[in-house]
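The values are calculated or read from the model by the stated rules, or taken from the named source; none is laboratory data. What you see is a predicted model, and the numbers here were worked out from it, not measured in a lab. As a convention, Cβ positions derive from the backbone with ideal geometry for all residues, glycine included, and neighbour counts pool all protein chains shown.
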Amino acid sequence: MRELSQVCVFCGSSSGSNGRHAESARELGKHLANNGIGLVYGGGATGLMGIVADSVLEGGGRVTGIIPESLSREVAHPGLTELIVTETMHTRKALMYERSDAFVALAGGFGTLDELAEISTWRQLGIYDKPVGILNVDGYFDHLLAFFDRAATDGLLKPKNRRLVLDAASPGELIELLRNDDTAYEPKWESRGTPAAPADEKSTLR
């Protein structure tokens, strides 16, 4: 079983029109706080980002926000346990990934999809061995999960690597899946003998 001391959450900076997404963000924040798991996220005060952060704080939990300088003056949450301001978006994401033991995607748009795709790719490449999960509320991610399945069916994603992205409909179930995840990635280019990523790979991607 994995020890989860900090979980990184990707989600929208807007709340959206479906109230179930806001409810799931609050539930996830409460679950993290109740189980002594700190939150790492993008540092914003608005939308689902603000809701999950507030929920953790209200439960007495620790919240670390990591935000690029270009956004910090406009949307940074003023009440976090720790707020880190970075020079670039790339540095922000690399630091979020390094600070976290697992990753959860809630509902969101382009930014959430970008972060989810990147960390899933990094795990597929063996850069990180940290579990990735999707909180699929009200079928929001059904089409994306179907895309992953189709990619595996068509031979564009190894079936074993398809299983690197977990999903559940409730925060409690998803956190348990992340804790118990023992899936090992299968190298994409195994037949060609591609060497593992260099030790300083993370620093070159900041």
Review point. Residue check: is residue 58 of a type in the set (Asp, Glu) and touching a residue at least 60 places away in the same chain (Cβ under 8 Å)?
Key: no
Revision key, fill the gap. Region 1-98: helices (runs of 4 or more DSSP H) wholly inside it with 3 or more residues that are crowded, with 23+ Cβ neighbours inside 10 Å are 19-34, 47-58
Practice item. Residues being of a type in the set (A, V, I, L, M, F, W, C) and part of a helix (DSSP H, G or I): count how many of those fall in region 123-160. Key: 8
Exercise for review: Could you list all residues from region 149-161 that are surrounded by 18 or more Cβ atoms within 10 Å (Cβ to Cβ) and within 20 Å of residue 180 (Cβ to Cβ)?
Suggested key: 161
Check your understanding: Do we have residue 39 as closer than 11 Å to residue 7 by Cα and either aromatic (Phe, Trp, Tyr) or at pLDDT 95 or above (or both) here?
Key -> yes
**Study point:** Filter result for residue 86 (on the phi < 0 side of the Ramachandran plot, in contact with a Leu (Cβ under 7 Å, 6 or more places away or on another chain) and β-branched (Val, Ile, Thr))
**Key:** yes
Exercise for review: Consider only pairs whose beta carbons are under 7 Å apart and that are at least six residues apart or on different chains; among these, list those whose first residue lies in region 153-165 and is within 22 Å of residue 135 (Cα to Cα) and whose second residue is assigned to a loop (DSSP other than H, G, I, E, B).
Suggested key: 160/186; 161/185; 161/186; 163/183; 164/183; 164/185
Review point. In region 126-143, what count of residues is obtained for those that are surrounded by 17 or more Cβ atoms within 10 Å (Cβ to Cβ) and not polar (S, T, N, Q)?
Key: 11
Point to revise | Hey, residue 46 under 13 Å from residue 13 (Cβ atoms), at pLDDT 95 or above and of a type in the set (S, T, N, Q) or not | key: yes
